[in-house]
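> Right, I'll just put the structure down here and ask away after.
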Amino acid sequence: KFLQDGTPKFKEKAIFLFGPEDQYRPEIRRYHEYVRKFRTKKKVVVITKDPTIKPVFSSYEYKKLRRKFKDPDLIQFCNYNPFLGIIPIEISDIFPASHYVMTRKEFEPEKFPTFLQVWTDFFSKNKFDLVYLPKNDLFLQYFKKFIPKGITKKQITE
């Protein structure tokens, strides 16, 4: 908390996320608080890997994904990355969600306890009936078991 208070909320340059220790950076912890406070009344959530184009809502992948649904305005779209956790589209342009550079490697889910905390809080504070997850995403497969009972899980191809 002390480091977080002394860390600027915005920076001119992107932050670099390299290893599991970066999930504890003050900027990341502050973003986790934003996500924990996030609420939606939408009953369907789609969670996909964070694309390389930022902000997400301007990316081709996001626009293509929206077209897969009959009424996309009723869907809660989210991205994720191991460090930031779940990134709701509505707050995807808040620092550092659209201002980071990350290594291109597969991470072990067990090494990201803050992801699990944000994941659990997000699902407990929002009442979804249905969640769509990417079909072959090994990172999210680990966290899928922590989705509350009663929520239907489906796969989506990106």
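The values are calculated or read from the model by the stated rules, or taken from the named source; none is laboratory data. Remember, it's a predicted structure, so these values are computed and weren't measured experimentally. Positions of Cβ are generated from backbone atoms using ideal geometry, with glycine treated the same way; all protein chains shown enter the neighbour counts.
> Name the single residue that is farthest from ARG39 (Cα to Cα) among those in the range 79-91 being touching a residue at least 40 places away in the same chain (Cβ under 8 Å) and among the hydrophobic types (A, V, I, L, M, F, W, C).
The residue in question is PHE83.
> Further question on the same structure: Is it true that some residue in the range 101-109 is of a type in the set (Asp, Glu), more than 23 Å from GLU61 (Cβ to Cβ), surrounded by fewer than 16 Cβ atoms within 10 Å (Cβ to Cβ) and in contact with a Pro (Cβ under 9 Å, 6 or more places away or on another chain)? It would help to see each step written out before you state the result.
Filtering the range 101-109 down to residues of a type in the set (Asp, Glu) leaves 106, 108.
Imposing the further condition that a residue be more than 23 Å from GLU61 (Cβ to Cβ) reduces the set to 108.
Checking the rest, the ones that are also surrounded by fewer than 16 Cβ atoms within 10 Å (Cβ to Cβ) come to 108.
Filter again for in contact with a Pro (Cβ under 9 Å, 6 or more places away or on another chain), leaving 108.
Yes, the range 101-109 contains at least one residue that is of a type in the set (Asp, Glu), more than 23 Å from GLU61 (Cβ to Cβ), surrounded by fewer than 16 Cβ atoms within 10 Å (Cβ to Cβ) and in contact with a Pro (Cβ under 9 Å, 6 or more places away or on another chain).
> Can I ask one more? Please find, among ILE151, ILE94, the residue that is at pLDDT 95 or above and within 23 Å of TYR34 (Cβ to Cβ). Don't jump to the end; show me each part of the working.
Working: ILE94 fails: at pLDDT 95 or above.
Every option except ILE151 fails the conditions.
> Shifting gears a bit: Which pairs turn up if I take residues in the range 58-78 that are without any contact (Cβ under 8 Å) to a residue 60 or more places away in the chain and within 22 Å of LYS127 (Cβ to Cβ) and look for partners that are assigned to a helix (DSSP H, G or I) and hydroxyl-bearing (Ser, Thr, Tyr) with beta carbon separation below 6 Å, at least 6 apart in sequence or on another chain?
none
> Which of the following residues is closer than 23 Å to PRO26 by Cβ and surrounded by fewer than 19 Cβ atoms within 10 Å (Cβ to Cβ): ILE94, ILE86?
Working: ILE86 fails: surrounded by fewer than 19 Cβ atoms within 10 Å (Cβ to Cβ).
Only one candidate passes the filter, namely ILE94.
> Here's a follow-up. Is one or more of the residues making up the range 61-84 acidic (Asp, Glu) and touching a Phe, Trp or Tyr at 6+ places or on another chain (Cβ under 8 Å)? If you could, list the steps in order and put the result at the bottom.
Kept after step one, since they are acidic (Asp, Glu), are these residues of the range 61-84: 61, 71, 73.
Still in the list and also touching a Phe, Trp or Tyr at 6+ places or on another chain (Cβ under 8 Å): none.
No, the range 61-84 has no match at all.
> Just a yes or no: is a residue in the range 113-130 at pLDDT below 95, charged (D, E, K, R), in contact with a helix residue (DSSP H, G or I) (Cβ under 9 Å, 6 or more places away or on another chain) and surrounded by fewer than 21 Cβ atoms within 10 Å (Cβ to Cβ)?
Here is the first cut: in the range 113-130, the residues at pLDDT below 95 are none.
No: zero hits.
> Which residue pairs have Cβ atoms under 9 Å apart, sit 6 or more places apart or on different chains, and have a first residue in the range 142-158 that is of a type in the set (A, V, I, L, M, F, W, C) and a second that is surrounded by fewer than 13 Cβ atoms within 10 Å (Cβ to Cβ)?
Sorted first by the residue in the range 142-158, then by its partner, the pairs are ILE147/LYS153; ILE151/ASP129; ILE156/LYS135.
> Take the residues in the range 41-83 that are farther than 24 Å from GLN23 by Cβ and in contact with a strand residue (DSSP E or B) (Cβ under 6 Å, 6 or more places away or on another chain), then tell me which one is surrounded by the most Cβ atoms within 10 Å (Cβ to Cβ).
Selected residue: ILE75.
> State which residue pairs qualify: first residue free of Cβ contacts under 8 Å to residues at least 12 places away in the same chain and inside the range 94-121, second residue part of a helix (DSSP H, G or I) in any location, beta carbons under 7 Å apart, and separation of 6 or more residues or different chains.
No pair meets every condition.
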